[in-house]
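Remarks on the structure that follows.
The values are calculated or read from the model by the stated rules, or taken from the named source; none is laboratory data. From a predicted model like this one, the values you see are computed outputs, not experimental measurements. Methodologically, a virtual Cβ is constructed for each residue, glycine included, from the backbone with ideal geometry; neighbour enumeration extends over all protein chains shown. Accessible surface areas use protein heavy atoms only, side chains included; no ligands, DNA or RNA. Shrake-Rupley method; radii C 1.70, N 1.55, O 1.52, S 1.80 Å.
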Amino acid sequence: MMRKFIFATVFALGSTTAIHAGGLMTNTNYHIAFDRMFARGATSEIDAVFSNPAGLAWGHEGLQLSLNFQKPWQRRNIELNGKTYEGVASAPIVPALFAAYKKDRIALSGMIGIVGSGGFVEYSEGVPMFNVLMQGMLAANGITPDQYTLDSEMKGKQYIYGGQFNFTYKFLDCLSAAVGIRANYYDGYYRGHVIAKNHPQLGELAKLLLDVDQKGWGLTPIISLNFHQGPLTLSARYEFRTKLNPKNDTNILEAGLGDATIAALVAADPQGAQAKLGALHAQLSGYTTPYQDGERTRYDMPALLAIAAGYEFSPKFRAALEYHFFDDKNAKMAGDRQNELTHGTHEILAGVEYDINEKFTVSCGGQRTDYGLSDGYQQDTSFACDSYSVGLGGAWNINEKMRLNVSYFCSLYSDYQKQASYGLETFSRTNHVIGVGLDYKF
């Protein structure tokens, strides 16, 4: 039981911090054009640096840059027996920078941004499983819930920063290809405590104290193809699995019975208590070994296949349809949780864009995300919910060189119910993002 307690605390918080559109570990919303349209896999504009590198062969001749800022808000709540445990996830303004240079049949491009997760989460009252697991350890030592109070708080941070470079070449007038590489840097921390204090002295009966930093990096090879003829564009992009194996920098990791509990056990049965405490210490030492300083944990970013089709119905009206598959079941996760998924993530995206005139463009889009969730995958500290996302926004061509993009999107999540050993839990989420960006062509 203590092993599950520590495991869930140290590592599962990682994926709760994610605030993004995309898979369980991968972001796809870097450019504001995505937020206002979603299906951008067939574009040849500056956001193609990520969504369709091969498409840049039909992009702007010369140099172009784009700077984007997004602000997300999210909540992740757990309801158990009428009580709601609120998880507040937040992030500062999230930037992304794009650059591309095209000359004749060749294009060079790159981007930097937060490519996975990106934010913080905090449960100011802890989560249900922590209370139940602590009660179980105390009950095993003859201590009932009416004899103590619980002080619990958990929070975590997770960012995966990425820098990507692409080389694009147009082989034929209708066909191009691109190869790329992205360097990913993982930076996260997990902090919290669960302390049981007895009445009325408020001495510590049992505790878990946690302060762990994790850092690591990995590389993502990327290949893409683009077919463009007349009003039709077809594209495909494949990102290989990224192995991320962050290393622990453990500042605090303490778990066990408090002095008050030990004193009571020794007073009641000196001979038996010593043997019992020795066995508990050995057990806890074995359980905490994987989480000690210098140990590593897998947070792979899964392979991604993206296929898109775009069609220009008129010089003013464009539409696109796109499909994403994240191969989560073949990406290593902490505790091999990928084995609990029923399938990898499937996403369907669609969007339309209309030029009102030479100055103004409006667009909207939608996305359906199906993670292949199961009860075995869902944890209080790390859960996901399938969703529908909708976005809208517009662009203002300030002049021939400069374009301003604005957007808003939200995700409408399906609640997930799980019958845990301690009751029926309902997991729910909300997510809202606003964005603004500036594109500039030289």
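Just the residues that are open to solvent by less than 60 Å² (accessible area, probe 1.4 Å) and assigned to a loop (DSSP other than H, G, I, E, B), please, taken from the range 214-263.
Within the range 214-263, G230, P231, L244, N245, P246, G258 meet the criteria.
So which of H199, H193 is under 30 Å from K276 (Cβ atoms), under 32 Å from the mean Cα position of the chain (by Cα) and either open to solvent by 40 Å² or more (accessible area, probe 1.4 Å) or in contact (Cβ under 8 Å) with a residue 12 or more places away in the chain (or both)?
H193
Suppose we filter T381, T369, T430 for residues that are within 15 Å of the chain's Cα centre (by Cα), among the polar types (S, T, N, Q), open to solvent by 50 Å² or more (accessible area, probe 1.4 Å) and closer than 22 Å to G116 by Cα; which single one remains?
Exactly one residue qualifies, and that residue is T430.
Within the group D173, D211, which residue is more than 25 Å from the chain's Cα centre (by Cα), of a type outside the set (V, I, T) and surrounded by fewer than 21 Cβ atoms within 10 Å (Cβ to Cβ)?
Result: D173 is the single residue among D173, D211 that is more than 25 Å from the chain's Cα centre (by Cα), of a type outside the set (V, I, T) and surrounded by fewer than 21 Cβ atoms within 10 Å (Cβ to Cβ).
Hey, any hits in the range 60-68 for a residue that's without any contact (Cβ under 8 Å) to a residue 60 or more places away in the chain and under 26 Å from E312 (Cα atoms)?
Yes, the conditions are met somewhere in the range 60-68.
What number of residues within the range 370-398 are assigned to a strand (DSSP E or B) and at pLDDT below 90?
So the answer is 2.
Sort through I32, I19, I46, I6 and tell me the only one that's under 29 Å from A319 (Cβ atoms), hydrophobic (A, V, I, L, M, F, W, C), open to solvent by less than 20 Å² (accessible area, probe 1.4 Å) and at pLDDT below 80.
Residue meeting the stated conditions: I19.
Could you list all residues from the range 49-100 that are at pLDDT 90 or above, in a loop (DSSP other than H, G, I, E, B) and surrounded by fewer than 15 Cβ atoms within 10 Å (Cβ to Cβ)?
Result: E61, single match.
What are the residues in the range 101-138 that are open to solvent by 10 Å² or more (accessible area, probe 1.4 Å) and within 23 Å of R75 (Cβ to Cβ), if any?
Selection gives I114, F120, E122, S124, E125, M129, N131, V132.
Could you check how many residues of the range 153-170 are open to solvent by less than 20 Å² (accessible area, probe 1.4 Å) and either of a type in the set (D, E, K, R) or over 21 Å from G230 (Cβ atoms) (or both)?
8
Which residue is modelled with the highest pLDDT, if the candidates are limited to the range 117-158 and must be over 25 Å from T426 (Cβ atoms), touching a Phe, Trp or Tyr at 6+ places or on another chain (Cβ under 8 Å) and part of a strand (DSSP E or B)?
Only one residue fits best here, namely K157.
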